[in-house]
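For reference, the structure is listed below as structure tokens.
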Amino acid sequence: MERKKTIYFTCITTIFGLMLAAGLQTTSHPKVRDTRDIWELRADLKKEQQLQQQLLLELEDYENKLRDYKQKQRSNREAVLHETVRELEQEAGLTEAKGPGVVLTIESFYPDHYVGPITEMVSPELLQRLINELNKYGAKEIAIADERITNTTAVRDVNGVTQIGDRKISSLPIEVKVIADDADMLYNRLTVSTIRDDFIVENLQLTISKPLTSVVIPPSDEKWNAKYMETVKAEKEEK
């Protein structure tokens, strides 16, 4: 009997303790109520409206930037195309070239008391050897007698006369203009090259000028025939 009373008392005490703890927990953390008055609510609402307006302005600004970017992309395509055409024209020698370089002069050379035939022209083989030597020493652009030398320029003998491209070279002296990234190095290598001895063998003298800050080389006059090219219809640009 005493044991049952003890158990009942323990259970009642436990239940009472739990109820007391729950009450204390509720008291220590009361429910927070919004105590702002009407003016504070209006001020907060105004701040939210201003934030929304700012976000709308930023969104419009980003849309304008995206529109400008797409427009610039279309313009850049045209600019890139024009730049590509310009670079191709430069590589083909169709535009005037200007830069640092040297000027070589080819003229007749006869030692004292010379007896024999007089050389009045330069052979195509000797000119081709000179062109190869200049390219080996860093020449970017070359013109012989104001005739631009390109990858397709032919240097050949036509009926006993040296011809560069479509132009005949039949008299001396001849000027050879050369443009290079490093004109000093080109000059130094030419002065110790054996190419001048090759000219002397043919009774010709090759004179090399000091490095110049500006050498002007004219564009090529070669005619380009596009026999196997057809115009391609442009595709519609995607919007």
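Please treat every number below as a calculation from the coordinates, not as lab data. Remember, predicted model here, so these are calculated numbers, not experimental data. Counting neighbours? That spans all protein chains shown, and the Cβs are built from the backbone with ideal geometry, glycine included.
Computed values, structure above
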{"item": "Fraction in percent of alpha-carbon pairs per bin - 5 Å, segment 36-91", "result": "4, 16, 10, 10, 9, 8, 8, 7, 6, 6, 5, 4, 3, 2, 1, 1"}
{"item": "Shape of segment 97-217, Cα gyration tensor, a/c cut at 1.5", "result": "oblate"}
{"item": "Karplus-derived 3J(HN,Hα), 6.51/-1.76/1.60, for each residue of segment 158-174, Hz, glycine and proline x", "result": "10, 6, x, 10, 5, 10, 10, x, 9, 10, 8, 10, 10, 9, 10, x, 10"}
{"item": "Segment 43-53 - phi-based ³J(HN,Hα) in whole Hz, Karplus 6.51/-1.76/1.60, Gly and Pro as x", "result": "5, 5, 5, 4, 4, 5, 5, 5, 5, 5, 4"}
{"item": "Efficiency of FRET from Cβ geometry, Q205 and E96, R₀ 25 Å, rounded to 0.05", "result": "0.30"}
{"item": "Cα→Cβ-extended label distance, 7 Å offset, between E58 and E40, nm", "result": "2.7 nm"}
